[in-house]
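Values in this text are rule-based calculations from the coordinates and carry no lab data. None of these values were measured; they are calculated from a predicted model. All Cβ positions, even for glycine, are placed from backbone atoms using ideal geometry, and neighbour counts span all protein chains on display.
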Amino acid sequence: MASFKSRIKKLSSDKSPLILANDYESGVSDMESRTVRNIKTLSPYLCAIKFNFHFLLPLGQKQIAKINKIAHDHHMQTIADIKLNDIGNTNNVTAETLWGMGFDSVIANPIMGPGNLEKLISHAHKNNNGVISLCHMSSPEAQLTYELPVQLKSKKTILYHLFLEWATSLGADGIIVGATFPDIVSFCKKKSKGKLSIYSPGIGTQGGDIQKTIQSGSDYLIVGRTILNSKNPKETAKSLFDLAKN
Ligand code: XMP
């Protein structure tokens with residue numbers, strides 16, 4: 001079986017680099033059927049679909065496994081956006097459960113430290129799955145944390161530079177950098193010398209511009225509310241698809 005990194009790359013070149021953030025407000029009772037409909041109608045425009053905690057928590061393992069299978073049948077990869085951040089053993093048990101439900105990849109928070117991140121990446125790769133590591137988030141507040149100065153022994157750096165270095169040296173499958181920070185996307189692209197795929201949330205509703213984000217070096221574009229809350233999600237996905245392909 002091909003690696004997660006090559007599976008998603010192939011789907012992105014066959015279709016587009018768009019990833020749907022399948023987010024719903026709490027209280028939506030038909031999340032499962034809406035999601036199945038999203039997959040069936042939007043999959044021609046998407047390489048992957050991403051699910052957060054607030055989507056996964058109300059569902060059971062069987063429902064999640066069924067959704068992952070439908071996504072695969074429609075030629076999409078699936079991403080568990082749980083920003084995993086724990087000790088090695090807990091991470092591996094969590095990852096085992098995710099792979100068991102059919103997920104292809106997980107988003108992790110490198111604040112757990114390079115040793116724990118390395119173990120998680122190795123666990124994912126043994127299962128032909130992937131780890132996408134946070135580098136710099138899309139919200140304006142990200143500057144307060146991800147740009148903190150840090151010192152490792154005598155080396156002074158800033159937090160997201162360190163996260164970038166770890167993701168590159170540990171062989172993560174990608175990093176998250178918000179589309180709202182195109183200069184940081186460019187910086188990470190150059191610094192990682194093409195070794196890391198860049199995944200950018202924050203397009204549309206949060207203010208990120210799809211073409212600027214691509215020009216800055218993002219490989220994958222994560223879009224949620226702009227598609228889901230539009231009057232015609234299929235048309236919106238198609239117009240983003242056209243922008244991403246041009
Ligand atoms: P919208 O509706 O703003 O959804 O298009 C964006 C999706 O991406 C998630 N998100 C992030 N996930 N790092 C992440 O791992 C980030 O910096 C980040 N910013 C937004 C958000 O939860 C939603 O699913």
- request: Determine, yes or no, whether Met31 is touching a helix residue (DSSP H, G or I) at 6+ places or on another chain (Cβ under 9 Å) and within 23 Å of Asp242 (Cβ to Cβ).
  value: no
field: Members of segment 213-238 found to be without any contact (Cβ under 8 Å) to a residue 60 or more places away in the chain and closer than 24 Å to Glu25 by Cα, listed by number
entry: Thr226, Asn229, Ser230, Lys231, Asn232, Glu235, Thr236
- prompt: Tally time: how many residues in segment 14-36 are closer than 22 Å to Gly204 by Cα and in a helix (DSSP H, G or I)?
  reply: 2
Failed condition for Asn129, given (1) within 18 Å of Lys50 (Cα to Cα); (2) touching a helix residue (DSSP H, G or I) at 6+ places or on another chain (Cβ under 6 Å); (3) within 16 Å of the ligand (Cβ to nearest atom): (3)
- request: Any residue in segment 189-212 that's surrounded by fewer than 15 Cβ atoms within 10 Å (Cβ to Cβ): show its pairings with residues that are assigned to a loop (DSSP other than H, G, I, E, B) at Cβ separation under 7 Å, as long as the two are six or more apart or on different chains.
  value: Gly207/Thr180
Segment 118-139, residues that are over 15 Å from Ile176 (Cα atoms) and in contact (Cβ under 8 Å) with a residue 24 or more places away in the chain: Glu118, Lys119, Leu120, Ile121, His123, Ala124, His125, Asn127, Asn128, Asn129
- prompt: Which members of segment 134-152 meet the condition of being within 23 Å of Ala21 (Cβ to Cβ) and assigned to a loop (DSSP other than H, G, I, E, B)?
  reply: Met137, Ser138, Ser139, Pro140, Glu141
message: Looking at segment 202-217 only, could you name the residues that are within 17 Å of the chain's Cα centre (by Cα) and more than 13 Å from the ligand (Cβ to nearest atom)?
response: Ile214, Gly217
